[in-house]
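Please read the structure below before turning to the comments.
The values are calculated or read from the model by the stated rules, or taken from the named source; none is laboratory data. As the structure is a computational prediction, the values presented were derived from the model and not from experiment. Every residue, glycine among them, receives a Cβ derived from its backbone with ideal geometry; neighbour counts consider all protein chains shown.
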Amino acid sequence: MSAPSNGPLPTAAYPVYGGEGGFSPEEKVGPAGEIDAIFTGPGVAAMRVAHLGTYKAESAPGLPPGAKQIVFYRPPGSRGSVLPPGSSPQVLQSFEHARQGPALTETLLDASGHAIRVENSRALGGSSVFTLPNSYWQGTQTPPAQGRCAMRSSLPGVHTAWGQVATEIAGDTHITAPGWLTCIHTWFTLDGSNYETAVLLNGRSPGKPPAMLWGAIPVSGHPGVIQIPPVQREIHFRIPKRSPAQVARELARDTKKVGRARAEEEVRPAEQLSGKATFWEVFIPPTVARRVGPAWVLVRYGDSLTERLRFLQALQVTKIKLPHGRADTMSSK
């Protein structure tokens, strides 16, 4: 189940875009610091991160109706392994290097400040995320014949980096926002540029017209083609300066683990970042799309709008096999 930003859509049981996601088990944050972002559905007012603080859900350009973003920053050397809402700290027991200090668990809050209950599926060994069987291929491998969708590019010199295609199609009736089902997702390369492409069906009822992509605007001179401008945010933080004693303790600790030279390399950038800091975080890359039959076909990245449009026009959707079994052969031309 996927939105254009990739990942499951919010449900009543799990009101987060991207589903439960994952985490990168780590003992501490690296020398550049780390920006953490989560996108929530309606009903979420804030999020409490254990041992860090509570962060407000805020509106932002390019997000779907009712969606908000929560962003926080962890400075160099702070605790690692932030766990998504609903995840149990028990998952860290399998990672020796992630056991330092209490777990940084995330708790969603409603407008009254009460915790929003979500299914703790990680502790139960399962998942509340709607998923469909799919197959993966890469490079010069032949795409899986059982894939429900297929597409190709007519541009000379195009190479496939990798792709993933659904082998079964079904709608998710539990989503609480208009959404899309990714039938096929492929990365292409051309002349040194990367292009992310996808065929998106109606998320609740595949085969019916899909919802309009949120944040979309028409492309002048290209009838039927829309673009989604990139969504990025300038984030300002104040990174507290560490005392000489703190630096010495961290340097001594890391020297025992990775050696003096490596420890000094990690401490030095952190010292340079002390004070005010500004980061640019890209939440949604530049995207173009057009309708093909019961689907959206989209292209992201590339070096310019002109290149994205050229790549989109050359994409040909050769198969969309809907749940009732009818195989459609069609072209984006």
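Take region 65-79 and flag every residue that is assigned to a loop (DSSP other than H, G, I, E, B) and surrounded by 22 or more Cβ atoms within 10 Å (Cβ to Cβ). Correct list: Ala67, Pro76. Among the residues of region 152-166, are any of a type in the set (Val, Ile, Thr), under 26 Å from Leu9 (Cβ atoms), modelled with pLDDT under 90 and crowded, with 17+ Cβ neighbours inside 10 Å? Checking region 152-166: not a single residue is of a type in the set (Val, Ile, Thr), under 26 Å from Leu9 (Cβ atoms), modelled with pLDDT under 90 and crowded, with 17+ Cβ neighbours inside 10 Å.
Okay, residues lined up against (1) within 30 Å of Leu298 (Cβ to Cβ); (2) modelled with pLDDT of 85 or more; (3) in contact with a strand residue (DSSP E or B) (Cβ under 7 Å, 6 or more places away or on another chain):
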site: Met1; (1), (2), (3): yes, no, yes
site: Pro15; (1), (2), (3): yes, yes, yes
site: Glu26; (1), (2), (3): no, no, no
site: Val29; (1), (2), (3): no, no, yes
site: Ala45; (1), (2), (3): no, yes, yes
site: Pro75; (1), (2), (3): no, no, yes
site: Ser78; (1), (2), (3): no, no, yes
site: Ser88; (1), (2), (3): no, no, no
site: His97; (1), (2), (3): no, no, no
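Considering region 252-273, and only residues there that are out of contact with any Gly (no Cβ under 7 Å at 6 or more places or on another chain) and surrounded by 15 or more Cβ atoms within 10 Å (Cβ to Cβ), the residue that is modelled with the highest pLDDT turns out to be Thr255.
Is at least one residue of region 292-314 in a helix (DSSP H, G or I), small (Gly, Ala, Ser), modelled with pLDDT of 65 or more and in contact with a strand residue (DSSP E or B) (Cβ under 9 Å, 6 or more places away or on another chain)?
Within region 292-314, one or more residues are in a helix (DSSP H, G or I), small (Gly, Ala, Ser), modelled with pLDDT of 65 or more and in contact with a strand residue (DSSP E or B) (Cβ under 9 Å, 6 or more places away or on another chain).
Being of a type outside the set (S, T, N, Q), touching a residue at least 24 places away in the same chain (Cβ under 8 Å) and within 14 Å of Asp36 (Cβ to Cβ) is the filter here, so list the residues in region 49-75 that pass it. Within region 49-75, Val49, Ala50, His51, Leu52, Ile70, Val71, Phe72, Tyr73, Arg74, Pro75 meet the criteria. Counting residues in region 181-190 that are under 28 Å from Pro42 (Cα atoms), surrounded by fewer than 19 Cβ atoms within 10 Å (Cβ to Cβ) and either within 21 Å of the chain's Cα centre (by Cα) or of a type in the set (D, E, K, R) (or both) gives zero.
With respect to the stated conditions, Ala211 is within 22 Å of Pro15 (Cβ to Cβ), free of Cβ contacts under 8 Å to residues at least 60 places away in the same chain and small (Gly, Ala, Ser).
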